[in-house]
Amino acid sequence: MELDELQNIWLQYDRKITDNTQLNKEILKRMLLSKPEKRLNWIKIKAGFNVLSPIILILLIKVMDMKFSLTSGFYIGLSLFLTLFIINYIWNIRYFLLVRKIDFSGAILSIKKQIAELEKYKIKTTKIRYLIMPFAIIGIFFMLIQKPIFNTESIVMFVLIILVYITSIYYTFKYSIAEQFRKLNKEIFEIEELEKK
């Protein structure tokens, strides 16, 4: 009888330890999930800001009270800029929808797959954006500058614009995009390791 009682007590303690271990794992998982959720919320905020960019652009033009001379150069520049701006805006909406699809309540494998898809899309569209950006800048110059002036000041301005553009490309691909998703993937990997135990 005593042996049976000891065995029952042992089994009860064993069950309690198993329950506590399971509870601790769940608490740790939720704590680990809070970091990537915060990071993803910032990505959502940035994507939402990009979706609102046309409103900001229109307000900026209204506030600055810009006057345009309606010449053929203006219309060429406007069509060039608007075409690329609309393409860029469609990509921003798609990126925003992809970010909103990510749900941390699902399985870790599906979260990793969604983040990988998001990262691949972001890198692809950013590369294409940097390729078409010079044409949008040319469109802006056509809209704003009626007569091209080539003197040392304008040449220095163009050289500086090109240098800033090249630096922006380097920084974006070397640090910005890669670092953003590297941290997110690392945090998801920690959660995945916890689930394997």
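Please treat every number below as a calculation from the coordinates, not as lab data. Being a predicted model, the structure only gives us computed values, none of them experimental. Cβ: placed from backbone, ideal geometry, glycine included. Neighbour counts: every protein chain shown.
Quick notes
- Subset of 38/113; 25/101; 127/147; 16/183; 101/186; 101/183 violating a 30 Å alpha-carbon distance limit: 127/147; 16/183
- Principal-axis tilt of helix 2-51 within the chain, Cα atoms, nearest 10 degrees: 0 degrees
- Computed from label points 7 Å out along Cα-Cβ, the spacing between residue 41 and residue 24 is 2.8 nm.
- Segment 77-129: mean projected area of Cα convex hull, nm²: 3.6 nm²
- Calculated mean residue ellipticity at 222 nm for the chain: -31000 deg cm²/dmol, from DSSP H runs with n ≥ 4 weighted as -39500 (n - 2.57), summed, divided by the residue count and rounded to 500.
- Our estimate of slack between residue 149 and residue 164, defined as 0.36 nm per intervening residue step minus the Cα-Cα distance, is 3.3 nm.
- Top positive-direction residue, dipole computed over the chain with Cβ charges, set 172, 188, 98: 172
- Divided by 2.2 N^0.38 Å, where N counts the residues, the Cα radius of gyration of segment 20-163 comes to 1.50.
- Summing Cβ point charges (Lys, Arg +1; Asp, Glu -1) relative to the Cα centre of segment 107-189 gives a dipole of roughly 380 debye.
- Degrees between helix 72-101 axis and first principal axis of the chain (Cα, 0 to 90, nearest 10): 0 degrees
- Computed Kirkwood radius, in angstrom, where 1/r is averaged over Cα pairs of segment 114-197: 16.0 Å
- In segment 88-179, the chymotrypsin sites (Phe, Trp or Tyr not before Pro) that fall in loop regions by DSSP, at most 10 other Cβ within 10 Å: 150
- Those aspartates and glutamates that a straight Cα-Cα span of less than 17 Å connects to residue 174, excepting residues fewer than 8 apart in one chain: 119
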